[in-house]
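Trainee: The following block contains the structure, expressed as structure tokens.
The values are calculated or read from the model by the stated rules, or taken from the named source; none is laboratory data. Computed from a predicted structure; not experimentally measured. With ligands, DNA and RNA removed, areas are computed over all heavy atoms of the protein, side chains included. Shrake-Rupley method; radii C 1.70, N 1.55, O 1.52, S 1.80 Å.
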Amino acid sequence: MLEIKNLHASINGKNILKGINLTVKPGEVHAIMGPNGSGKSTLAQVIAGRETYEVTEGEVLFNGKNILEMDPEERAREGVFVAFQYPVEIPGVSNTYFLKAGLNEIRKHRGLEPLDAVEFLALVRERLKVLHLTENLLNRSVNEGFSGGEKKRNEIFQMAVLEPTLSILDETDSGLDIDALRDVADGVNKLRKKDNATIVVTHYQRLLNYIVPDYVHVLQDGKIVKSGGRELALELEEKGYDWVKEQAA
Amino acid sequence: MTTETQSIETLATQEYKYGFITQIETETAPRGLNEDIIRLISFKKNEPKWLLEWRLKAYRYWLTMEEPKWHNVHYPKINYQDIIYYAAPKHKNKLNSLDDIDPEIRRTYEKLGIPLEEQMRIAGVAVDAVFDSVSVATTFKEKLKNLGIIFCSFSEAVQEYPELVKKYLGSVVPYTDNYFATLNSAVFTDGSFCYVPKGVRCPMELSTYFRINTADTGQFERTLIVAEEGSYVSYLEGCTAPIRDTNQLHAAVVELVAFDNAQIKYSTVQNWYPGDKEGKGGIYNFVTKRGKCAGVSSKISWTQVETGSAITWKYPSCILQGDNSIGEFYSVAVANNRQQADTGTKMVHIGKNTRSTIVSKGISAGFGNNSYRGLVQVHKKAENTRNFSQCDSLLIGDKCGAHTFPYIEVKNTSSTVEHEASTSKIGEDQIFYCKQRGLSTEDAVNMIVNGFCKEVFRELPMEFAVEAQKLLGISLEGSVG
């Protein structure tokens with residue numbers, strides 16, 4: 001589904017990603033861990049198509065297509081979703097209106113008829129139920145005045161409605177209390193299917209107690225320095241990132 | 001980032017959609033202004049003597065006045081002697097139905113996407129269509145007449161209801177008021193008149209579409225709305241104009257009078273030609289709009305969406321004379337490319353317990369310059385009055401400007417006046433967020449801008465709100481950087 005080959009990217013001339021290789025198959029959950037400044041969030045942003053980053057080398061194939069040549073909205077329509085670390089506020093734009101516009105663009109891209117207001121409402125109600133969210137979320141402006149936890153829940157809600165094939169959760173656990181963390185993880189688990197995949201970018205192994213990954217990769221200084229199974233996360237928790245650094249050295 | 005800027009800039013270069021000129025014969029006065037021209041206008045319109053005298057008084061006063069310079073707009077000197085002050089489309093017979101309208105005019109409306117019959121049928125809107133200076137069609141008049149509501153062109157009101165016109169003309173905006181209003185008083189050609197009798201609630205939105213057509217014809221519209229005790233009326237005004245190379249002056253006057261417990265809601269969507277990307281051409285819009293809450297507990301609301309014109313100079317105001325009266329002003333003003341907008345409101349609190357609300361949303365893009373200018377004045381005896389003002393500016397790109405000039409004069413200690421202001425920029429983060437959810441840059445900008453304007457749009461009648469949103473989209477296409 002996703003194939004990242006020798007990806008290099010920089011911002012303002014500073015190299016952040018220095019040759020990432022990663023393959024994600026349908027149904028898999030990959031965790032990307034690493035210390036601050038290792039390039040985790042940059043990787044998520046580059047896959048999403050953030051224009052502030054310059055890709056200097058390498059390629060990113062998504063279902064065989066080189067998405068580096070696509071605009072961010074095209075990537076989204078192809079099925080790439082990023083749950084942001086800091087979701088932005090859009091005052092005056094209702095969540096429902098925003099999501100419906102996005103979903104219908106994605107549907108159009110896939111050759112599907114747009115959903116009308118009634119169909120859309122039925123869909124969002126169903127998804128709200130799955131995620132144990134209340135309807136007041138729908139009429140509020142996008143993230144405006146939301147608490148940190150509400151913003152993250154809203155990201156997962158959007159993911160549930162847009163049904164991406166690849167979801168990248170960028171530090172979704174940061175700033176969440178334990179209940180919110182459980183809710184968010186629970187939502188992600190419910191949305192797991194055999195034909196979609198998830199990349200969980202996180203600093204702590206805490207989230208991985210709830211979203212159990214198939215693979216764990218450790219990112220350091222713009223490179224994946226170690227990969228392994230679920231147990232790698234636990235080992236990291238115990239020994240710290242320095243342990244990987246020493247091993248790699 | 002650069003790609004985004006470029007795509008936005010491409011969008012912004014879209015041509016004005018409504019620029020076309022209708023070929024119909026017009027009867028036109030010679031260029032220039034003098035007492036004879038005013039006499040000609042008055043004669044052509046078969047006006048009573050008092051009205052001619054009033055026009056002449058205004059003209060003579062105007063000669064002693066100077067064009068205002070306090071505003072934050074710049075334009076070449078206007079040659080008032082180079083303007084044609086009277087033009088009327090020729091038509092052979094009096095019109096009884098829409099079918100009698102010149103097909104050319106009908107086509108013009110259709111190009112604008114506002115076929116009269118559609119409006120009548122779907123929206124139930126009575127339309128008093130002003131084409132150049134003479135009203136061409138007035139619809140739903142019968143239905144309104146049965147309720148005692150008068151809704152007709154200003155010229156017709158002068159003929160049919162001279163006593164009402166005489167009583168209220170200049171009662172809110174005197175002919176000495178300001179340079180442009182005084183000029184209008186001397187040379188106005190037509191406009192709309194509306195009178196709602198005691199206790200009557202007007203069952204439909206009254207609407208007038210203005211359209212400037214004859215080359216270099218200044219439009220001097222005059223609108224007068226009187227709402228008697230306990231009545232209610234909602235009035236819509238919407239405009240577009242064809243592309244012209246020379247600047248066209250527009251100096252309208254709108255007067256509203258609301259008596260005890262009466263309510264007037266006045267909504268405008270203004271989309272006159274703003275000039276090309278370099279600012280060439282485009283309408284100069286110098287308008288005086290004022291409402292008087294003459295009676296107790298009366299209410300006047302102004303809602304405006306100003307996307308067009310090269311220059312917008314406009315301060316719809318409320319004189320809150322009756323105790324407990326309410327004034328409201330909701331505004332969206334867009335200045336894109338080289339457009340300049342200096343707009344705001346005046347809330348004059350005279351009566352006790354009067355309240356006013358001001359919500360102003362200024363959007364600046366390209367090289368546009370947007371100024372909010374507002375005055376909240378509380379007179380000595382205006383006890384327990386309240387005002388709340390909120391002025392928000394949204395910047396798109398880094399070459400535009402937003403300015404806020406709030407003036408507050410309070411002479412009563414029991415009054416509360418609040419003012420809030422904010423300036424924000426459409427963030428790259430916001431646009432990226434929308435794009436990550438599948439939206440194009442254009443849709444993202446539209447959505448963000450419309451969200452910004454929501455508080456104003458929700459004050460508009462439904463079908464007008466939809467139109468306003470579309471218009472905003474067109475006005476800002478390609479403007480994000």
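Trainee: Name the residues whose placed amide hydrogens come within less than 5 Å of the amide hydrogen of B:Ser309, ignoring near sequence neighbours (fewer than 5 apart) on the same chain.
Mentor: Result for B:Ser309 returns B:Trp272, B:Tyr273, B:Ile283.
Trainee: Something else: Which of the aspartates and glutamates could a cross-linker bridge to B:Lys143, judged by Cα under 15 Å and excluding same-chain residues fewer than eight apart?
Mentor: Correct list for B:Lys143: B:Asp128, B:Glu205.
Trainee: Could you quote the convex hull projected area for the protein assembly as shown, Cα atoms only and averaged over all directions, in nm²?
Mentor: Averaged projected area of the protein assembly as shown's Cα convex hull equals 34.9 nm².
Trainee: Report, in listed order, any pair from A:Lys151/A:Lys190; B:Lys289/B:Lys380; A:Lys100/A:Lys193; B:Lys57/B:Lys352; A:Lys14/B:Lys277 with a Cα-Cα distance greater than 27 Å.
Mentor: Too far apart for the 27 Å limit: B:Lys57/B:Lys352; A:Lys14/B:Lys277.
Trainee: Mind checking the alpha-carbon convex hull of the range A:58-173 and giving the volume per residue in Å³?
Mentor: Per residue, the Cα convex hull of the range A:58-173 comes to 114 Å³.
Trainee: Next question, about the same structure. Chains B and A: how much accessible area gets covered up at their contact, both sides added, probe 1.4 Å, in Å² to the nearest hundred?
Mentor: The summed interface area works out to 2300 Å².
Trainee: Quick one, can you get me the convex hull of the C-alpha atoms of the range A:99-143 expressed as volume per residue in Å³?
Mentor: That works out to 83 Å³ per residue.
Trainee: Students often forget the sequence filter, so: which aspartates and glutamates lie under 12 Å Cα-Cα from A:Lys65 once same-chain residues fewer than 8 apart are removed?
Mentor: Candidates past the 8-residue exclusion: A:Glu3, A:Glu74, A:Glu78.
Trainee: Pick from A:Leu22, A:Leu219, A:Leu43: which is most flexible by mean-square fluctuation in a GNM of chain A where alpha carbon atoms under 10 Å apart are linked?
Mentor: A:Leu22
Trainee: Continuing with this model, one more query. In 5 Å bins starting at zero, report the fraction of Cα pairs in the range B:327-452 per bin as a rounded %.
Mentor: All Cα pairs, binned at 5 Å, distribute as 3, 11, 19, 17, 14, 12, 9, 7, 5, 2, 1, 0 percent.
Trainee: Return P(r) of the range B:152-204 (all Cα-Cα pairs; 5 Å bins starting at 0; whole %; ordered from short to long distances).
Mentor: Values per bin, smallest distances first: 4, 17, 23, 24, 18, 8, 6, 0.
Trainee: Still on this structure, please answer the following. If you count only protein heavy atoms with a 1.4 Å probe, what accessible area per residue comes out for the protein assembly as shown, rounded to a whole Å²?
Mentor: Computed with neighbouring chains in place, this is 40 Å² per residue.
Trainee: On to the next question. Given a 1.4 Å probe and the protein chains all in place, what does the accessible area of B:Glu278 round to, in Å² to the nearest 10?
Mentor: For B:Glu278, solvent-accessible area is about 130 Å².
Trainee: Can you pull the accessible area of A:Thr42 for me, 1.4 Å probe, Å² to the nearest 10?
Mentor: That residue has around 10 Å² of solvent-accessible surface.
Trainee: If DNA, RNA and ligands are ignored and the probe is 1.4 Å, what is the ranking of B:Arg458, B:Arg39 by accessible area, most exposed first?
Mentor: B:Arg458, B:Arg39
Trainee: Most mobile of A:Gly229, A:Gly34, A:Gly149 per a Gaussian network model of chain A (Cα springs, under 10 Å)?
Mentor: Judging by the Gaussian network model, the answer is A:Gly229.
Trainee: For the range B:430-463 and the range B:40-59, what is the separation of their Cα centres, given in Å?
Mentor: 48 Å
Trainee: A further question follows. Classify the range A:1-92 as rounded, prolate or oblate from the Cα gyration tensor: take a ≥ b ≥ c as the square roots of its eigenvalues, call it rounded if a/c is under 1.5, otherwise prolate when a/b beats b/c and oblate if not.
Mentor: Rounded.
Trainee: Could I ask something else about it? Could you compute how much accessible surface B:Ile37 exposes when probed at 1.4 Å, giving the result in Å² to the nearest 10?
Mentor: 10 Å²
Trainee: Check which residues have an amide H placed less than 5 Å from A:Glu57's amide H, if you skip close sequence neighbours.
Mentor: Amide H neighbours of A:Glu57: A:His8.
Trainee: Calculate the all-directions average of the projected area of the range B:218-334's alpha-carbon convex hull, and give it in nm².
Mentor: About 6.4 nm², averaged over all directions.
Trainee: Let me ask something else. For B:Glu463, A:Glu113, give the ranking by accessible area with the largest first, probe 1.4 Å.
Mentor: A:Glu113, B:Glu463
Trainee: Students sometimes get this wrong: rank A:Thr134, B:Thr182 by accessible area, probe 1.4 Å, all chains present, largest first.
Mentor: A:Thr134, B:Thr182
Trainee: Looking at the P(r) of chain A, how many percent of alpha-carbon pairs lie beyond 24 Å?
Mentor: Roughly 46 percent, once rounded to a whole number.
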